[in-house]
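Participant: Please see the structure below; I have some questions.
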Amino acid sequence: MVSQTGKYALRILGYLADHPGQWVQGSQIASETGIPANYLSKIMNQLRKRGFILSQKGWGGGFLLREEARLVPIAEVLTLFDGVRDDKECLFGIRKCDAENPCPLHAHWEKVQDSYRLMLCSTTIADLRTVKPSGT
């Protein structure tokens with residue numbers, strides 16, 4: 001459902017969300033997330049171009065999650081890397097599968113897809129944090 005690049009992008013954004021307001025070196029992100037450095041660089045470039053992160057070269061530089069990006073649904077991130085999902089794809093691969101011509105699993109699969117779509121649209125980049133703020 002999600003490409004490897006999409007998974008890596010979410011992992012990167014989650015890592016940066018764990019370090020709010022901090023510039024983080026790419027090598028640190030690669031090391032701590034297990035993402036190959038050359039792959040990370042390409043993903044970071046796309047995230048920067050799209051406005052999710054800031055980058056700064058030199059001493060004290062690195063990458064920073066933009067504050068306004070924290071509220072972006074992860075659906076937008078995945079669309080950037082994976083394109084628009086075909087939500088009408090039949091689980092059996094039947095081309096003409098819809099409410100009027102359903103496959104045996106159509107109703108169940110439709111519920112799963114609706115739930116998945118809701119999760120992607122209601123989960124924000126800030127929700128990817130693994131470190132909880134103190135006091136919670």
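Every read-out reported here was derived from the displayed coordinates using simple, explicitly stated rules and does not represent laboratory data. Because the structure is a prediction, the values reported are computed rather than measured. Cβ: placed from backbone, ideal geometry, glycine included. Neighbour counts: every protein chain shown.
Participant: Please express the shape of the chain as an equivalent ellipsoid: the semi-axes are the square roots of 5 times the eigenvalues of the C-alpha gyration tensor, given largest first in whole angstrom.
Facilitator: Numbers: eigenvalues 241, 52, 28 Å².
Square roots of five times the eigenvalues give 35, 16, 12 Å.
Participant: In debye to the nearest 20, how big a dipole does the range 4-128 give about its Cα centre with +1 on each Lys and Arg Cβ and -1 on each Asp and Glu Cβ?
Facilitator: Details: 15 positive and 14 negative charges, 99 e Å.
I would put it at about 480 debye.
Participant: Of Leu128, Gln22, Ile12, which is farthest towards the positive pole of the chain's charge dipole, taken about the Cα centre with +1 and -1 on the beta-carbons of Lys, Arg and Asp, Glu respectively?
Facilitator: Working it through, the farthest residue towards the positive pole turns out to be Gln22.
Participant: Also, I was wondering about something else. If the cut-off is a Cα-Cα distance under 20 Å, which lysines reach Lys7, setting aside same-chain residues fewer than 8 apart in sequence?
Facilitator: Lys42, Lys49
Participant: Dipole of the chain (Lys/Arg Cβ +1, Asp/Glu Cβ -1, origin at the Cα centre): which of Ile94, Val112, Gly61 lies farthest to the positive side?
Facilitator: Gly61
Participant: When only C-alpha pairs under 8 Å and at least 6 residues apart count, what is the relative contact order of the chain, in percent? The partial results should precede the final answer.
Facilitator: On the way: 144 pairs, mean separation 44.6, N = 136.
Computed value for the chain: 33 percent relative contact order.
Participant: Another one. Mind giving me the FRET efficiency for Lys88 and Gln4? R0 is 25 Å, r the Cβ-Cβ distance, nearest 0.05 is fine.
Facilitator: 0.55
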